[in-house]
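All remarks here apply to the structure that follows.
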Protein chains: 2
Amino acid sequence: MPTAIPDDSVGLVSPKVEHFADPLALACGRTLADYQLIYETYGTLNAERSNAVLICHALSGHHHAAGYHNPEDRKPGWWDSCIGPGKPIDTERFFVVSLNNLGGCNGSTGPCSLNPATGKPYGADFPVITVEDWVHSQARLADALGIDQWAAVVGGSLGGMQALQWTISYPERVRHCLAIASAPKLSAQNIAFNEVARQAILSDPEFHGGHFHEQGVIPKRGLMLARMVGHITYLSDDAMGAKFGRGLKSDKLNYDFNSVEFQVESYLRYQGEEFSGRFDANTYLLMTKALDYFDPAAAHDDDLAATLAVAKADFCVMSFTTDWRFSPERSRELVEALIAAGKNVSYLEIDAPQGHDAFLMPIPRYLQAFRGYMNRIAV
Amino acid sequence: MPTAIPDDSVGLVSPKVEHFADPLALACGRTLADYQLIYETYGTLNAERSNAVLICHALSGHHHAAGYHNPEDRKPGWWDSCIGPGKPIDTERFFVVSLNNLGGCNGSTGPCSLNPATGKPYGADFPVITVEDWVHSQARLADALGIDQWAAVVGGSLGGMQALQWTISYPERVRHCLAIASAPKLSAQNIAFNEVARQAILSDPEFHGGHFHEQGVIPKRGLMLARMVGHITYLSDDAMGAKFGRGLKSDKLNYDFNSVEFQVESYLRYQGEEFSGRFDANTYLLMTKALDYFDPAAAHDDDLAATLAVAKADFCVMSFTTDWRFSPERSRELVEALIAAGKNVSYLEIDAPQGHDAFLMPIPRYLQAFRGYMNRIAV
């Protein structure tokens, strides 16, 4: 519990749920007949409805991006450092919408939801969802909220991919796109790490082909391994070195195969354990697949500039020097394509030791640059 | 099968086995009463016994480093590009000894061997072995072969760590140490990747606490995952990109959670499958632990130069530009310490796109530098 909710917090917030009865056609060829999205809003929509900002979340994110659900909450929402009064996404100026994506496990329709056709949880029968599908579902949420055009669509990592896709799928509906620590598509190495995570889950005997709910179990070991390998890629080698080095867990070595010898092992096991208790295995598979499939330029002979030609937004691209999951090089590819397509683009490569996770952290240079861009957006 | 055994091959070779009845005291505090080492030799020991070179293997390596066991063998030994007539380790000049380390699963005593105390395979009861223990066991093999001093001890990766340890444990017995794509100790990130691999094995229900032999099963899924994650770290991002890119396995996407969509997924699954059928899970744990524990400077207040002061060898250190598992920076740490300790050291950073695996590959610049150093060794 914070001793008191800080002044620059959006304060106590409550999620809302929007039901959609119109079938949603998906990239995989299937159709979702009916679904709901859970979301939160921060700030006030102005009379012109011109100050709305959409937050798109990354792999394990959700709708609770800022503020507190209860005064007793130990931690605020996942992007609280960037959303609030006077913060980069200033809730005195902007009306912020943050949702849990379709296929998620935090309240939007996903693999844990009941399949109306069977009365049981979808599990592995939930369709594969792509970044494009998410953007379509988010556009329907915008319709429901009476938002014709976003002042900005903002996201980090997989969230940045959604922000980019918005400018392609709905060019008239986005004035600014902020893609942070993101990439125009995954590299072979990125896909390889995702595949290890998926195999960890798929090969867990308690996965039961994705229908573990019916067996009353969860593939805990698989999820734990998936999170552990993911977590390594979120931190830089230097950040891990600075945080743990070769520090020992106790004052002597145990010399056996099962003991935790080094602090970094203990940290990883804790991260894996904690995650496996709160995240759905099918959602994890779905999120990694959405990452893998994202490749908007594929439909334009791999010409990213041609792909982005349709966009009407201005762009802000940010990357972090020690991010090796989505390295600055990947952001520069995007910037080059945007320049080639004649778009307005600001690019900032932020010197930060934290690796990919930097986009979630209150790094002063980052927050200042982020605030600087957002403050110049006319509403 | 090669159409004919090439002229620059050591040709057909047969492993030999040496039994040791003297107990070996280990770093973990336990003692191995009795053990055997399997090894191969290439070339001829000269009358002065001054031309012997020891090859130390890496995580998944073994004694079969060069030549063929049968004319029908599809592939030669794992370092055939570097060992043979006219090759960097020239068998016209040197007598080369290559062994399978203690704790291995290719013929030396290890977790798959019968525990004389129980009559069953050691399994998880096999003691943890350190790099220092290996060097002691290798020194006994040298004694058995009548080799007082190695012209050179050579290794890549974990093998390089053994080469370094030789110069510390037995300074009088090594004239040259070649440490290739190695490091004076693992970083937190290195340990973290090892820990994921270990957890994959330990959490496999078919691991049975390391006593899977008795159950007639192997922890195939765990070993497969361990190899997959390892394999990603052996290749550079660029090498994976060049080899696979985002190439699809078939001509269209399947959009499901289980299908192989991208070639890189198929490659990783194949590597994992193949490995899980030929490598022992307990040996894998043991090898990763040996890597984690290696830190010779720890006994000297982390002063690597002071640690290496005792060495009498000359050193050749080589690294590869795109190796991110044991980056050039780690080799430079070693070089700096050797310079500070007043040792003769040659350092070469080889421009190569292959990542950590480069040390196993016939890269012309690498082979030429390697040959250049070895040819100047007086025998």
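Nothing in this text is a laboratory measurement; each read-out follows from the coordinates by a stated rule. On a predicted model such as this, the values are computed, not experimentally measured, just so you know. Cβ: placed from backbone, ideal geometry, glycine included. Neighbour counts: every protein chain shown.
Annotations
- Summed side-chain charge close to residue B:203 - residues other than residue B:203 whose Cβ falls under 14 Å, Lys, Arg +1, Asp, Glu -1: 0
- Distances in nm from residue B:16 to the matching label points in the other copies, shortest first (labels 7 Å along Cα to Cβ): 8.3
- For the protein assembly as shown, the percent of C-alpha pairs falling in each 10 Å distance bin, counted from 0 to the bin holding the largest distance, reads 3, 13, 22, 23, 17, 12, 7, 3, 0, 0.
- Label-point separation, residue A:332 to residue B:75 (7 Å along Cα→Cβ), nm: 3.5 nm
- Taken along the Cα-to-beta-carbon direction at a fixed 7 Å, the label points for residue B:7 and residue A:31 span 7.2 nm.
- Using a 7 Å Cα-to-Cβ projection, residue B:364 label spacings across copies, nm, ascending: 5.3
- Summing Lys and Arg as +1 and Asp and Glu as -1 over all other residues whose Cβ lies under 14 Å from the Cβ of residue A:293 gives a net charge of -2.
- Among A:217, A:79, A:12 the positive-end extreme of the charge dipole of chain A (Cβ point charges): A:12
- Within the listed set B:247, B:84, B:222, the Gaussian network model of chain B (springs between alpha-carbon atoms below 10 Å) gives the highest mean-square fluctuation for B:247.
- Over chain B, DSSP H runs of length four or greater, each weighted -39,500 (n - 2.57), average out per residue to a 222 nm ellipticity of -10000 deg cm²/dmol.
- Of A:165, A:189, A:368, the one that fluctuates the most in a GNM where chain A has Cα springs shorter than 10 Å: A:189
- Ascending list, in nanometres, of distances separating the residue B:208 label from those of the other copies (7 Å, Cα toward Cβ): 2.5
- Fewest-first sequence of A:248, A:158 by Cβ atoms within 10 Å of each Cβ: A:248, A:158
- The antiparallel fraction among DSSP beta bridges confined to the range A:81-238 stands at about 10%.
- Other residues whose C-beta falls under 10 angstrom from the C-beta of residue A:302 contribute a net charge of -1, scoring Lys and Arg +1 and Asp and Glu -1.
- Using all pairs of distinct alpha-carbon atoms, the Kirkwood hydrodynamic radius of the range B:154-261 works out to 17.5 angstrom.
- Placing one equal scatterer on every Cα of chain B and applying the Debye formula, the log10 ratio I(q)/I(0) at q = 0.10, 0.14 Å⁻¹ is -0.64, -1.30.
- Put simply, the C-alpha atoms of the range A:281-337 give a gyration tensor, and the ellipsoid matching it has half-axes of 22, 18, 11 Å, longest first.
- Measuring r between the beta carbons of residue A:21 and residue A:309 and using R0 = 35 Å, the FRET efficiency lands at 0.50.
- Number of Lys-Lys pairs in chain A with C-alpha atoms under 22 Å apart and a separation of 8 or more places or on different chains: 10.
- Going from the residue with the fewest nearby Cβ atoms within 10 Å to the one with the most, B:324, A:150 rank B:324, A:150.
- Exposure proxy shown here: for A:261, B:72, A:206, the number of other Cβ atoms within 10 Å sets the order, fewest to most, as B:72, A:206, A:261.
- Among beta bridges that DSSP assigns inside chain B, antiparallel share in %, nearest 5: 30 percent
- GNM result for chain A, Cα springs below 10 Å: residue of A:302, A:280, A:148 fluctuating most strongly: A:302
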